[in-house]
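The block underneath contains the structure these notes are about, expressed in structure tokens.
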Amino acid sequence: MKNSTNKHKLLYSFALIIGFLIITLIGCKDLLTEQFSISNNSKVPTTVDRTIVPIDAPVSSSSIFIYEISKYNLFGYGNWQFGPGKSYERRLDLMPVSYNGASVANTAALLNFFALSDVHITDKESPVSAVFFGYKGKNQSAYSPVMLYTTQILNAAVKTINALNKEKPFDFGISLGDNSNTNQYNELRWFIDVMDGKHIIPDSGVKDDPISGPGNDYQDEFDAEGIDISIPWYQVLGNHDHLFLGLFPPYDYVKQTYIGSNILNTGRNFNPLQRGVYAGSFDGRTIYGDIYGVGLVESFATPPQVLAADPNRHSVSKEEWKNEFFNTSTYPVGHGLNLPSTIIGCYSFEPKSNMPIKVIVLDNTQDENTFTRPENGYLDLAHFNWLVSELDKGQSEGKLMIIAAHVPIDSIGTYTQSPVSKYTLAAKLNNYSNLLMWISGHLHHNTVIAYKSPDISHPELGFWQVETCSLREFPQQFRTFDICRNSDNTISVFVTNVDYLIDNKNSLAATARSYAVAAYQLCGSPINKTTYNAELIKQLSTEMQLKIQNYGTAIKN
């Protein structure tokens, strides 16, 4: 035992020395000296120009738990530097084998938009968090230090979008779902209000101020920038937006717990119908959002409570979620959810009146009223038939089509409960030559998948799936999409990953990035599945080639 204690002391002393060296050699060098200043530079760097590269921590990740935020600097976690940019990977997966496109040029710009996903705006002081299931382990969805800063991260992303818009105006933007983390009203309002540029008080219950003074801690009020009024933005429904932590309907006990003081008592497998574990919460009075009220029920003499109840924490149904998007100052009012449809969360729109491109927004999350067991994605016959009807209409009208849904195709029916399987869906989608791509979030990955045509003689029946990662977890990016017509009347979709920009090294958004890097180092991340930037080429039918050659703004090569 004595030898073990001495070894621990040696390791701790070594960590102190290394941590000091890191702060001295790296911190003084200032990793952010190259950082972009929105007010002083009109060129917005993306991952084409540079990437954010974590600096390996010198001490094993087994030395600390992810919740021990105060030790990050000591053990060298959360440091990063700029690395080289990632050029566009030219993807010809959907094209005939003989096609190389060597002499093909991009000749006309058709559409330019951005997509962000899985912001997971979090009320860190909520009594219905899932801290127990992630604070010592690898599940960042249950616990991450970045949860303290979600409103500030979204605001930084909005600033970056606005800066990009000044260089090249966006035709529209779209949020691919999971705006909220815990299906709470106040989380939903924070998301919309940040997008609208309102005054944000990212604090629930009683007012807390971990560090005296304005703008220096995650609980401080701030004025959000708001999305440029010239950019219409649309909304997709995510599973966290209307299900309890994205997994279960908000059962009666959970609904009562949302607005009460007692911390959630749930099952060891996080089933809210069971008991035995207090799920925990964050202490908003502390600098690092210390966790408390977490552990086995038998460890507590009395039920743990949050600092104060708050009626604005109540859960929202799909209908209530939809209605909040009409209480907005940005455009369009309703953000697509007011467009004609018989199903909540399903609608279609045409971004440009002079362009034959149609966006179909699909809700493929599980309905709380027909819930059986948690699914990644879910598609019943009513939603499937609605989708087919929209695709049929778009195809017959000669319009290129984009499907926007929260869950990617391959995650539909993970537990085989979905009435329409991912195989049935993919096979149906391969019937539409005008389908360009399916865009989604949910898995917190940046990936690109080719759904090739089942008939090699008709490559135009293939389409792309593009996933966008979470703004909360490293690499914390959103995507831009530039759709172009080429000189041979193929279509190129340029997808670009964008890191949110930081005003200065002391900003709260900078702290959030450091925490996201540390969480990645300690727990792992979908970074390994990242497709940074790509040019995705799509064959068109003969009919659509003839039609599309008359559209677009000429590109100077």
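The values are calculated or read from the model by the stated rules, or taken from the named source; none is laboratory data. Because the structure is a prediction, the values reported are computed rather than measured. Please note: Cβ atoms are built from the backbone with ideal geometry, for glycine as well, and neighbour counts cover all protein chains shown. With ligands, DNA and RNA removed, areas are computed over all heavy atoms of the protein, side chains included. Shrake-Rupley method; radii C 1.70, N 1.55, O 1.52, S 1.80 Å.
When every alpha-carbon pair in segment 188-323 is counted, what percent end up more than 17 Å apart? Value for segment 188-323: 68 percent of Cα pairs lie more than 17 Å apart. Using amide H atoms built 1.01 Å from N in the peptide plane, name the residues 5+ places from Lys198, or on other chains, whose amide H lies under 5 Å from its own. It is Ala224, by chain and number.
Restricting segment 387-455 to chymotrypsin sites (Phe, Trp or Tyr not before Pro) that sit in a DSSP loop and have at most 13 other Cβ atoms within 10 Å of their own Cβ leaves Tyr415. For the chain, a simple Cβ point-charge model (Lys and Arg +1, Asp and Glu -1, everything else neutral) yields a dipole of about 1300 debye relative to the Cα centre. Straight-line cross-link reach from Lys318 at under 19 Å between alpha-carbon atoms covers these lysines, not counting any fewer than eight positions away in the same chain: Lys255. Summing Lys, Arg as +1 and Asp, Glu as -1, what charge do residues with Cβ under 12 Å from the Cβ of Lys322 carry, Lys322 excluded? Its environment carries a net charge of -4.
In plain terms, if you count all Cα to Cα distances in segment 386-436 and split them into 5 Å steps from zero, the share in each step is 4, 19, 29, 25, 13, 8, 2, 0 percent. Just how far, in whole angstrom, is segment 452-468 from segment 155-203 if you go by their alpha carbon centroids? Here the two parts' Cα centres lie 32 Å apart.
All C-alpha to C-alpha distances of the chain, sorted into 20 Å bins beginning at zero, yield P(r) values of 21, 54, 23, 2, 0 percent in whole numbers. All C-alpha to C-alpha distances of segment 486-557, sorted into 5 Å bins beginning at zero, yield P(r) values of 3, 11, 13, 15, 12, 10, 7, 9, 10, 8, 2, 0 percent in whole numbers.
Based on the reciprocal of the average 1/r between different C-alpha atoms, the Kirkwood radius for segment 384-475 equals 14.0 Å. Within the set of other residues whose C-beta is less than 14 Å from the C-beta of Phe113, count the net charge using Lys and Arg as +1 and Asp and Glu as -1. My count for the surroundings of Phe113 gives 0. Computed about the Cα centre, the dipole magnitude for segment 192-284 is approximately 780 debye when only Lys and Arg (+1) and Asp and Glu (-1) carry charge, each at its Cβ. Averaging the sequence gap over all C-alpha pairs within less than 8 Å and six or more residues apart, then dividing by the number of residues, gives the chain a relative contact order of 21 percent.
Based on the convex hull around the alpha carbon atoms, segment 35-175 presents an average projected area of 13.5 nm². Working note: 222 nm ellipticity from helices only, DSSP H runs with n ≥ 4, each -39,500 (n - 2.57), summed and divided by the residues of the chain, gives -6500 deg cm²/dmol to the nearest 500. Measuring r between the beta carbons of Lys166 and Asn385 and using R0 = 56 Å, the FRET efficiency lands at 0.85. Computed with a 1.4 Å probe over protein heavy atoms only, the accessible surface of segment 426-552 comes to 29 Å² per residue.
Pairs from the table (Lys207/Lys505; Lys43/Lys556; Lys43/Lys159) lying more than 23 angstrom apart at Cα are Lys207/Lys505.
For segment 143-250, the alpha-carbon coordinates run over 41, 40, 21 Å along the three principal axes, in decreasing order. Among Thr182, Pro214, Asn239, which residue has its Cα furthest toward the positive end of the charge dipole of segment 144-265, with +1 on Lys/Arg Cβ and -1 on Asp/Glu Cβ? The one lying farthest along the dipole's positive direction is Asn239. Between helix 381-396 and the chain there is an angle of about 40 degrees, using the helix long axis and the longest principal axis of the Cα atoms. Leaving out ligands, DNA and RNA, and with a 1.4 Å probe, what % of the accessible surface on segment 190-300 is carbon or sulfur? In segment 190-300, the share of accessible area belonging to carbon and sulfur is 51 percent. For segment 290-446, dividing the convex hull volume of the Cα atoms by the residue count gives 189 Å³ per residue.
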